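Here is the structure we will look at.
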Amino acid sequence: MLRITFNGHANFLLENGEYSILIDPWFTGNPTAKANPMDYEQIDVILVTHGHGDHLGDAIEISKKYMAPIVAPFELAGFCQRRGAHVIPMNHGGQRITECGRVKMTNAIHSSAFIGKGAEYTGNPCGFIIDFGGQRIYFAGDTALFGDMKLIGELESPDIAILPIGDNFTMGAKDAAKAVEFIAPKHVIPMHYATFEVLDQSPDAFIEAIAHLDVEPVILEVGQSHEFGG
Ligand code: NI
Ligand code: MN
């Protein structure tokens, strides 16, 4: 069993009944997030795709509270470790068997820095392949469309793809639909829309753009969960 809960923007909770994984856990300042990250019973692993505030979010505090490692690109993991977090540094193309199962780091075409007083370098942005709850999930992170998504589809055959669709900072509806064609998942969950004014405000154009493909769109309201598999 895999339960996926949407916490708004790119923030997702994955549960299999035994373990819990948080991805891009932006709660504080997220205009849509309703959950309090300090209220969970347990968090076992945290995945962070890049250093932008809307993805790193509360990861460091969550890591400290739950003693949960942050899986992140090497430089971003170092950034988190220097602030007291537990970390699993990785880099693109590598995989690792974590407490929660296999995690593989994929490419993403985007940028990555932590913008505080200055801009601190946090490595290259990434996506993840996650084997969890009997499903294979491809979490693309913030990214443009790229042709090697075809390879991800071919080599990993993800059951579920979680893709940004909001445009401006990432793929928009049309490019995300091409990504679905490349990856060929059974289910697709759109993310990274309707949070900021410059992003697309609904998934309608994306749903229309994938209507001809053999894929089930799973549209989650903030706070809503969906269960996959038996
Ligand atoms: Ni970003
Ligand atoms: Mn973002």
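Restricting attention to the stretch 111-146, report how many residues are within 16 Å of ligand 2 (Cβ to nearest atom), at pLDDT 95 or above and either touching a strand residue (DSSP E or B) at 6+ places or on another chain (Cβ under 9 Å) or closer than 22 Å to Met67 by Cα (or both).
Of the residues in the stretch 111-146, 15 are within 16 Å of ligand 2 (Cβ to nearest atom), at pLDDT 95 or above and either touching a strand residue (DSSP E or B) at 6+ places or on another chain (Cβ under 9 Å) or closer than 22 Å to Met67 by Cα (or both).
Go through the residues of the stretch 98-106 one by one and say whether even a single one is within 16 Å of ligand 2 (Cβ to nearest atom) and under 14 Å from the mean Cα position of the chain (by Cα).
Our first condition is that a residue be within 16 Å of ligand 2 (Cβ to nearest atom); within the stretch 98-106, this holds for none.
No, the stretch 98-106 contains no residue that is within 16 Å of ligand 2 (Cβ to nearest atom) and under 14 Å from the mean Cα position of the chain (by Cα).
Among the residues of the stretch 158-166, are any without any contact (Cβ under 8 Å) to a residue 40 or more places away in the chain, among the acidic types (Asp, Glu) and farther than 17 Å from His92 by Cβ?
Looking through the stretch 158-166, none of the residues is without any contact (Cβ under 8 Å) to a residue 40 or more places away in the chain, among the acidic types (Asp, Glu) and farther than 17 Å from His92 by Cβ.
Can you tell which of Leu155, Leu151, Leu145 is more than 19 Å from Gly8 (Cα to Cα), open to solvent by 30 Å² or more (accessible area, probe 1.4 Å), within 16 Å of ligand 1 (Cβ to nearest atom) and hydrophobic (A, V, I, L, M, F, W, C)? Show your work before the answer.
Details: Leu155 fails: within 16 Å of ligand 1 (Cβ to nearest atom); Leu151 fails: within 16 Å of ligand 1 (Cβ to nearest atom).
The match here is Leu145.
Within the stretch 58-112, considering only strands (runs of 3 or more DSSP E) that don't extend past its boundaries, which have at least 2 residues that are buried (at least 20 other Cβ atoms within 10 Å of the Cβ) and in contact with a Cys (Cβ under 9 Å, 6 or more places away or on another chain)?
On the way: elements: 69-73, 86-90, 95-98, 101-107.
Where strands (runs of 3 or more DSSP E) fall fully within the stretch 58-112 and carry at least 2 residues being buried (at least 20 other Cβ atoms within 10 Å of the Cβ) and in contact with a Cys (Cβ under 9 Å, 6 or more places away or on another chain), they are 69-73, 86-90, 101-107.
Suppose the filter is touching a residue at least 12 places away in the same chain (Cβ under 8 Å), among the β-branched types (Val, Ile, Thr) and either closer than 16 Å to Ile109 by Cα or surrounded by fewer than 23 Cβ atoms within 10 Å (Cβ to Cβ) (or both); does Val188 pass it? Even if it seems obvious, please write down each step before you answer.
Numbers: touching a residue at least 12 places away in the same chain (Cβ under 8 Å): yes; among the β-branched types (Val, Ile, Thr): yes; either closer than 16 Å to Ile109 by Cα or surrounded by fewer than 23 Cβ atoms within 10 Å (Cβ to Cβ) (or both): no.
No, not satisfied.
The values are calculated or read from the model by the stated rules, or taken from the named source; none is laboratory data. None of these values were measured; they are calculated from a predicted model. Here Cβ is always computed from backbone atoms with ideal geometry, including for glycine, and neighbour counts include all displayed protein chains. Each accessible area value is taken on the protein alone, full model and side chains, heavy atoms only, with ligands, DNA and RNA left out. Shrake-Rupley method; radii C 1.70, N 1.55, O 1.52, S 1.80 Å.
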